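Student: This is the structure I want to talk about, given as structure tokens.
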Amino acid sequence: GQSEAAAGHPFVAALAALTRLGHQPALELITQLAWTEEGELAKAARNALSYFPGDNADKAVLGLLRHKQAEARLAAVELIGQGALDKPAAVLMPVAKEDADGNIRTAALRVLQECAGIDEMPALLGLLEKGAADADKQAAERVLGALVVRQKRMPTGDITIEKALYGDLPDGASSDVTDKVQQLVASN
């Protein structure tokens with residue numbers, strides 16, 4: 001396969017050099033290699049994309065996130081998990097909610113465990129609603145648990161949940177998820 005041929009390939013060193021130089025014409029090829037290759041060459045391309053100077057690399061990662069091929073979207077989620085974007089949670093939450101591929105939703109939620117904040121809480125609570133896949137609900141619970149732990153570590157005192165509603169507030173359909181959120185806070 002291609003990965004065996006790429007092992008020790010001088011192209012790996014070339015990718016690093018092109019990245020150091022910020023050679024913009026190489027960015028399209030680097031982006032392509034990041035999700036179509038395997039092994040050493042894929043790793044080198046992903047590193048190049050993560051460290052490529054300027055905004056165009058961010059745009060390339062965001063472009064992968066909208067790609068019609070699931071492999072490209074998954075590569076983008078993994079790159080974001082490795083620090084390719086400055087504000088990963090805001091970018092990954094829509095993926096976790098809406099991507100057609102369950103593996104990609106799960107991968108996005110796995111990354112969100114490390115970076116989700118209070119801003120993502122309403123969307124995460126939405127994943128606990130009826131209609132979401134069980135795997136999504138379980139992953140969303142893990143993210144909420146991790147978020148609660150991070151918030152409790154902040155020097156703002158204890159978290160007390162008095163009421164937690166999710167839905168089309170103030171007048172639309174909503175669900176009371178107070179018990180679920182209180183359990184998450186109590187157990188973390």
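The values are calculated or read from the model by the stated rules, or taken from the named source; none is laboratory data. Please read all numbers here as calculations on a predicted model, not as lab measurements. Ideal geometry is used to build each Cβ from the backbone, glycine not excepted, and the neighbour counts take in all protein chains shown. These accessible areas exclude ligands, DNA and RNA; they are computed on the full protein's heavy atoms, side chains included. Shrake-Rupley method; radii C 1.70, N 1.55, O 1.52, S 1.80 Å.
Student: Can you spot a residue in segment 125-137 that is assigned to a helix (DSSP H, G or I) and either among the aromatic types (Phe, Trp, Tyr) or closer than 12 Å to Leu74 by Cβ (or both)?
Tutor: no
Student: Residues in segment 35-74 that are more than 16 Å from Ala17 (Cα to Cα) and not acidic (Asp, Glu): how many?
Tutor: Within segment 35-74, residues that are more than 16 Å from Ala17 (Cα to Cα) and not acidic (Asp, Glu) number 19.
Student: Would you mind finding the one in Ala108, Ala116, Ala123, Ala100 that is closer than 22 Å to Ala70 by Cβ and buried (at least 21 other Cβ atoms within 10 Å of the Cβ)?
Tutor: Just a single option satisfies the conditions, and that option is Ala108.
Student: Identify, by number, the condition in (1) farther than 26 Å from Val143 by Cβ; (2) touching a His at 6+ places or on another chain (Cβ under 7 Å) that Glu38 doesn't meet.
Tutor: Single failed check for Glu38: (2).
Student: Answer yes or no as to whether Leu21 is more than 14 Å from the chain's Cα centre (by Cα) and open to solvent by 80 Å² or more (accessible area, probe 1.4 Å).
Tutor: yes
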